[in-house]
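Participant: What follows is a single structure, and I will ask about it in a moment.
The values are calculated or read from the model by the stated rules, or taken from the named source; none is laboratory data. All values derive from a computational prediction rather than experimental measurement. Methodologically, a virtual Cβ is constructed for each residue, glycine included, from the backbone with ideal geometry; neighbour enumeration extends over all protein chains shown.
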């Protein structure tokens, strides 16, 4: 008997008015994906993505489209850590996010951790299209099993793609294919040296190069930061578990976001 699957989609568009306040232009949502807007006392907008299905498993499909128009400033996060659960044989969960940011606009894409469970099957894709004068701060944290349980990932399928373009030209392309015994792969010194969690942080802003020294002072020995171009800062961080990952990430994100992290990150 076919099992029920979770489907969800959302579309969000914001713009900046003459007073510098970010306003909602368009909002559509369906199925198991919801967008919640907490009350804030800032001219910037904040949206929280909620998966009412409680996680992602084989056959689930979620898609999100976000447009940040000129003059707008938007922060997006998730209600809690997302979970990729065990999938039935041959079924893959799919999560797709397509984001666009116009000139004079900024986006902070700050989802909380994605936790992979043993025998999960997930294909995740993130595409961000930036105009020439757009600004971006993004993080993508991934946890390879919950260390407190303890959980060991012996059979997973995780395919992850991140693509960032600016004015139509690619500035950052990253991908991960993790198949089979993830614990054995991650134990290899040249891959993760036994780390149980990782995160990528990307900043695209005119002052990105100026943040390098301060960011490096905040990072542990298992992380590194580089400036690819004067306005593009890239950070890669490894940690033993999700607690250590968050403890290292939050000071960095606080600094780069100018102390404007969403409340859900600071709890």
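Participant: Can you name the residue in region 187-235 that is touching a residue at least 24 places away in the same chain (Cβ under 8 Å) and in a helix (DSSP H, G or I) and is also nearest to residue 134 (Cα to Cα) among such residues?
Facilitator: 209
Matching residues to (1) modelled with pLDDT under 95; (2) out of contact with any helix residue (DSSP H, G or I) (no Cβ under 7 Å at 6 or more places or on another chain); (3) surrounded by 20 or more Cβ atoms within 10 Å (Cβ to Cβ):
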site: 91; (1), (2), (3): yes, yes, no
site: 105; (1), (2), (3): no, yes, yes
site: 108; (1), (2), (3): no, yes, yes
site: 127; (1), (2), (3): no, yes, no
site: 141; (1), (2), (3): no, no, yes
site: 151; (1), (2), (3): yes, yes, no
site: 156; (1), (2), (3): no, no, yes
site: 165; (1), (2), (3): no, yes, no
site: 171; (1), (2), (3): no, yes, no
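Participant: Please go through region 58-89 and pick out each residue that is free of Cβ contacts under 8 Å to residues at least 40 places away in the same chain and surrounded by fewer than 17 Cβ atoms within 10 Å (Cβ to Cβ).
Facilitator: Across region 58-89, the qualifying residues are 86, 89.
Participant: Which condition number in (1) within 14 Å of residue 255 (Cβ to Cβ); (2) touching a helix residue (DSSP H, G or I) at 6+ places or on another chain (Cβ under 6 Å); (3) surrounded by fewer than 18 Cβ atoms within 10 Å (Cβ to Cβ) is the one that residue 230 fails?
Facilitator: (1)
Participant: Kindly provide the set of residues from region 236-267 that are over 17 Å from residue 143 (Cα atoms) and either more than 17 Å from the chain's Cα centre (by Cα) or part of a helix (DSSP H, G or I) (or both), ordered by number.
Facilitator: 251, 252, 253, 254, 255, 256, 258, 259, 263, 264, 266, 267
Participant: Further, regarding this structure: Looking at region 236-259, which of its residues are in contact (Cβ under 8 Å) with a residue 24 or more places away in the chain, out of contact with any strand residue (DSSP E or B) (no Cβ under 7 Å at 6 or more places or on another chain) and within 16 Å of residue 135 (Cβ to Cβ)?
Facilitator: Selection gives 255 alone.
Participant: Looking at this structure, is residue 202 more than 23 Å from residue 152 (Cβ to Cβ) and either modelled with pLDDT under 95 or crowded, with 20+ Cβ neighbours inside 10 Å (or both)?
Facilitator: In short, yes.
Participant: Now a separate question. Name the one entry in 132, 147 that is free of Cβ contacts under 8 Å to residues at least 40 places away in the same chain and not in a strand (DSSP E or B).
Facilitator: Only one candidate qualifies: 132.
Participant: Go through region 7-44 residue by residue and tally those that are buried (at least 16 other Cβ atoms within 10 Å of the Cβ) and either touching a helix residue (DSSP H, G or I) at 6+ places or on another chain (Cβ under 6 Å) or at pLDDT below 95 (or both).
Facilitator: 1
Participant: Among the residues of region 205-218 satisfying the criterion of being closer than 17 Å to residue 247 by Cβ and touching a helix residue (DSSP H, G or I) at 6+ places or on another chain (Cβ under 7 Å), which is surrounded by the fewest Cβ atoms within 10 Å (Cβ to Cβ)?
Facilitator: Within region 205-218, the match that is surrounded by the fewest Cβ atoms within 10 Å (Cβ to Cβ) is 218.
Participant: Output the strands (runs of 3 or more DSSP E) that fall wholly within region 1-114 and possess 2 or more residues being more than 26 Å from residue 249 (Cβ to Cβ) and touching a strand residue (DSSP E or B) at 6+ places or on another chain (Cβ under 9 Å), or say none.
Facilitator: Those strands (runs of 3 or more DSSP E) span 7-16, 22-31, 61-68.
Participant: Related question: Looking at (1) within 29 Å of residue 254 (Cβ to Cβ); (2) in contact with a strand residue (DSSP E or B) (Cβ under 8 Å, 6 or more places away or on another chain); (3) modelled with pLDDT under 95; (4) crowded, with 16+ Cβ neighbours inside 10 Å, which is the one condition that is false for residue 147?
Facilitator: (2)
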